[in-house]
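Here is the structure we will look at.
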Amino acid sequence: MTGFLETQAIEKRWGHGVTVGPITLDIASGEILALLGPSGSGKTTMLRLLAGFETADGGRIAVAGEDVTTVPPARRRFGMVFQHYALFPHLDVGENVGFGLQGRGKGDEGRAKQQISEALALVDLAGFERRKVHELSGGQQQRVALARALAPEPRVLLLDEPLSNLDPALRERTRRELRDVIKRVGITSVFVTHEQDEAFDLGDRIAVLNNGRLEQTGAPDDLYEHPANLFVATFVGRANVFRGAAARALGSAAGNGVLVVRPERLRFADAGLPGIVRERRYTGVAAFFLVEGDDHQRFEVLAEPDAAQVGQRVYVEATRVIAL
Amino acid sequence: MIGRLRNTDLAAVALTLLLAWLVVYPILVVGADAADGTAVRAFVTRPGEWAALWASVWISLVSVILAAAIGIPLAFLFEWFDFPGRKTLGALIALPVLLSPLVGVIAFLFLYGESGFIARVWRVIVPLLRPSLVGAAMLTFMTALGSFSAPYIFGGGFRVMTTQIVATKLNGDLPLAMVETVALALVAVLGLVMLRRTEGDDILVALGKGIAPRPRPIRRASVRRLTTALGWGFAVLLLLPHLTLLLVSLVPYGAWTTEILPPVINFENYRRLFSEAERLRPMVNSLWMAAVSTAIAVALALGAGWLVVRRRVAWRRVIEGLLALPWALPGTVFAIALAITFSVHAPLQLRFVLVGTAVILPLAYLVRALPLTGRGILASYRQLDPSLEEAAASLGAGRWRTLARVTLPQLRPGLAAGASLAFVAALGDIVASIVLYTYETRPVSIEILSSLRLSETGVAAAFGVVLMLVSAIVLGVGARR
């Protein structure tokens, strides 16, 4: 038990036989963990279990060695950034950020004010105290939500799809800023996302969930290069799946194993797996070539933009394969 | 964790039982007691009873027709055409519905004398300004069927079921009063079933606001003059009683006899109202009873909102139905039911002697207030994003701080609307009051009736004006965004 935030076989049973868990996670102090999975995979349930909004049907949650499984959200001291931010519309920005600072003993007014302006400065919104929430842009609202969650100095920060409400142009920049702020504060964080890019960019480690089960936990390159199973291999990054003769043509040692090859690990060669180029999708630095093999299975090759033409007969070989 | 779940269920059971005890149990008691052979035989054989029941039904039907005849042209006039003063007049026309029914009825008494219809028609015109004509017609029918003050004051010897019930009760023939109550309740339920069929949805849908087309300006000068005149004519017709009421309230006792306009105008009646302890008493009674019943109705509706919307307890439909039920049955039915249920000491049957105490009238007002506060608060609760409350919790706020700082401010519009309507309804109530009041707890409505009986029209009118003003202020505050 070395982790700061731990779940041991935590489990939530919904009706109709739908179960999330049992999930065991071990998150180090200051680490950012991404919960990645398709919709319905149980990642949001997992986050709500951590926050205390859902009650666990089994297992335990501990933070810094303290069992918080039955501690209500109000006394868990976990900060949360909601998907739609959940800013209080009847309060201004300063009152929103200061909400978590009230009712914790009779601290002097000045100290709370100081903490509010510090929290706002942290998210680059210094001087925004008296603004109305509805006057802010989506990005500013997201930062107010972050400042509000961080102001009471929680033990853990939880974020529910924190970037899904921003337009794509803003998302990438906000992602880096979000990571910078979290790392500067040094708070242990868990966030939910269904986008692999976001998980890779923001998370130190990623826990992949599917159908309520934890498929694999690991650093981004770990998941990409050494997926534990076919689901992780295909959900994290682009993947071509080969079986049987095609797998053997690409050099599968075992007779009937499944072979996963990333598009950038395939290249056109003089011999190997034969096929015809059906489509070419140009991305600038490279192009994706959609190749149809003789067994009519289609797969993707990432290569130089002029490596092949549509309709051309090609042979493909693999530089690195993942055998499952 | 299991403990918290059990608390929710416990709260739901407690609230359901409390509501059932308030709104269903008295009706069941009356229903059971009414199954009395002699009383039923008396009801069936006496022609007067059938006449009263029939009168209730046909007057309600005629109200629908008259309301449609006046209301539909009026709706067209105000919603389709633009003419000078249209907006102001529209607001003025809506005013009578917002004011206490009793005030309106008293006002009509002064102006239109013994014509019972017009009052009913006018009380229900505004629902007809809404596009949902069928719903509005059924609403008119239900309102007219349950109306008490208009037939009571204008009716003379003419009886409808609501007044018949109260008369029978006052004569001491309780079994017969119960049978009459059940008969009226059955007619109301029948009407309600028809309403639900036509609307296919909530019984209160008819109160909903329709989308009006953009008013179009009238080009031809002569036509514009005509519509303007018609609009003002209608508005004056509708508001004349209130203006008359104001005038009468300014005339001292015995000063106005045969003149066309009163020879003396002063504030003598108001001075008497506020300086004589015996006259101030009903005012104070009405205010505190309305305030208490509204506060409890708000608290119960908040509890119901939390259980129905937030916790989504299994029998949330039952809780909603219990909250709405008092709206569906005429006030007289509840007044009689409460009077009978709470005049017996039988703790094991959950019956206590409350009649004759200061508790019974606020209790009766509370029952009538539940649909209003329940409706407003449940609607607001449904629009409240649950993550706001979760955000408060994650920031360390306990249940009560979350309620005070986040939930209540967010529910404010619906809460204020429901509470102000409930307060005004309790302030102007006459149906429950006349059956259940004692001298000590007599409300304003009863005082107005006794003033009228003593021919002190000026004082009665002054009471009416004060009631009207308080109601208008409360509703104005409640409607503020």
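Fewest to most neighbouring Cβ within 10 Å: what's the order for B:222, B:63, B:455?
Ordered by Cβ neighbours within 10 Å, fewest first: B:222, B:455, B:63.
Step by step: find N for the range B:412-481, compute 2.2 N^0.38 Å, then divide the Cα radius of gyration by it. What's the final number? Intermediate results must be reported in sequence, preceding the final value.
Numbers: Rg = 13.9 Å, N = 70, 2.2 N^0.38 = 11.1 Å.
Output field value: 1.26.
What are the aspartates and glutamates whose alpha-carbon lies under 13 Å from the alpha-carbon of residue B:169, with same-chain residues fewer than 8 places away excluded?
Output for residue B:169: B:180.
Amide H of residue A:209: which non-local residues (sequence gap of 5 or more, or other chain) have their own amide H closer than 5 Å, using H built in the peptide plane?
Hits under the 5 Å cutoff: A:36, A:37, A:215.
Using a Debye calculation, one point per C-alpha and no hydration shell, please list log10 I(q)/I(0) for the range B:347-401 at q = 0.13, 0.14 Å⁻¹ in order.
Result of the Debye calculation: -0.63, -0.68.
In whole Hz and in residue order, list the ³J(HN,Hα) couplings for the range A:264-271 that follow from phi through the Karplus curve 6.51 cos²θ - 1.76 cosθ + 1.60, θ = phi - 60°; x for Gly and Pro.
Using θ = phi - 60°, the values come out as 6, 9, 10, 8, 6, 9, 7, 9 Hz.
Restricting to DSSP H runs of at least four residues, report the calculated mean residue ellipticity at 222 nm for chain A, -39500 (n - 2.57) per run over all residues, nearest 500 deg cm²/dmol.
-7500 deg cm²/dmol
Find the relative contact order for the range A:185-320 and round it to a whole percent, using C-alpha pairs within less than 8 Å whose residues are 6+ positions apart.
Working: 228 pairs, mean separation 24.4, N = 136.
For the range A:185-320, the relative contact order is 18 percent.
Over all distinct alpha-carbon pairs, what is the Kirkwood Rh of the range B:307-423 in angstrom?
16.4
Taking beta carbons within 10 Å but only from partner chains, what does the mean come to for residues A:84-91?
Per residue, the number of nearby Cβ atoms from other chains is 5 on average.
Would you mind calculating the relative contact order of the range A:5-235 from Cα pairs under 8 angstrom and at least 6 residues apart, reporting the percent as a whole number?
Details: 424 pairs, mean separation 65.7, N = 231.
Dividing the mean separation by the residue count of the range A:5-235 yields 28 percent.
Using only the alpha-carbon atoms of the range A:240-323, report the extent along each of the three principal axes, biggest first, to the nearest angstrom.
Per principal axis, max minus min of the Cα coordinates gives 37, 22, 19 Å.
Under a point-charge model restricted to the Cβ atoms of Lys and Arg (+1) and Asp and Glu (-1), what is the dipole moment magnitude of the range B:255-481 relative to its Cα centre, in debye to the nearest 20?
Dipole about the Cα centre, nearest 20: 960 debye.
Please compute the average number of Cβ atoms from other chains found within 10 Å of each residue's Cβ in peptide B:377-388.
Partner Cβ neighbours, averaged per residue: 2.
Just to be sure I understand the curve: with the Debye formula and one point per C-alpha of the range A:13-91, what is log10 I(q)/I(0) at q = 0.17, 0.20, 0.26 Å⁻¹?
-0.80, -1.08, -1.55
How large is ³J(HN,Hα), in whole Hz, for each residue of the range A:280-295 in order, when computed from phi with the Karplus curve 6.51 cos²θ - 1.76 cosθ + 1.60 and θ = phi - 60°, using x for Gly and Pro?
Taking θ as phi minus 60°, the curve returns 9, 10, 7, 10, x, 6, 8, 9, 8, 10, 8, 10, 9, x, 5, 8 Hz for the range A:280-295.
Can you tell me the length gained on complete extension of the stretch residue A:276 to residue A:243, counting 0.36 nm per residue apart and subtracting the Cα distance? Present the calculation step by step, with values, prior to reporting the outcome.
Details: separation 33, 0.36 × 33 = 11.88 nm, distance 1.86 nm.
Taking 0.36 nm per residue and subtracting the Cα distance, the gain is 10.0 nm.
Tell me which residues come under 5 Å, amide H to amide H, from residue A:315 once H is placed; ignore anything under 5 positions away on its chain.
A:269
Using the Karplus equation 6.51 cos²θ - 1.76 cosθ + 1.60 (θ = phi - 60°), what ³J(HN,Hα) coupling, rounded to whole Hz, does each residue of the range B:42-53 give in order, writing x for Gly and Pro?
Ordered by residue, 3J(HN,Hα) equals 4, 5, 5, 8, 6, x, x, 5, 5, 4, 5, 5 Hz.
Where Rh is the Kirkwood radius over the Cα pairs of the range B:5-48, the temperature 4 °C and the viscosity 1.567 mPa s, what D in µm²/s does Stokes-Einstein return?
Values: Rh = 13.0 Å.
The Stokes-Einstein estimate is 100 µm²/s.
Among A:319, B:8, which comes first, second and so on when ranked by fewest other beta-carbon atoms within 10 Å?
Numbers: A:319 11, B:8 15.
Arranged by neighbour count, lowest to highest, A:319, B:8 become A:319, B:8.
Taking amide H positions as placed in the peptide plane 1.01 Å from N, state which residues far from residue A:240 in sequence (5 or more) or on other chains have amide H under 5 Å from it.
A:261, A:262
Across the Cα atoms of the range B:255-481, what radius of gyration and what greatest pairwise Cα-Cα distance (Dmax) are found, in Å?
Looking at the range B:255-481, its Cα Rg and Dmax stand at 21.0, 74 Å.
If you take each beta carbon of peptide A:72-79 and count the beta carbons of other chains within 10 angstrom, what is the mean?
5
Quick one: length gained pulling residue A:179 to residue A:219 fully straight, 0.36 nm per residue minus the C-alpha distance?
12.8 nm
Label the range A:5-235 by shape, choosing from rounded, prolate and oblate, from the square roots a ≥ b ≥ c of the eigenvalues of the Cα gyration tensor; if a/c is under 1.5 it is rounded, and otherwise prolate applies when a/b is larger than b/c, oblate when it is not.
It comes out prolate by the Cα gyration axes.
Ranking request for peptides B:17-25, B:42-50, A:239-247: highest mean number of other beta-carbon atoms within 10 Å first, then the rest in descending order.
Ranked by mean Cβ neighbours within 10 Å, highest first: A:239-247, B:17-25, B:42-50.
Taking a cut-off of 19 Å between Cα atoms, list the aspartates and glutamates near residue A:113, but don't count ones fewer than 8 places away on the same chain.
A:92, A:95, A:124, A:129, A:153
Bear in mind that the values in this text are calculations on the coordinates, not laboratory data. Computed from a predicted structure; not experimentally measured. Because the Cβ atoms are built from the backbone with ideal geometry, glycine has one as well, and the counts that use them run over all protein chains shown.
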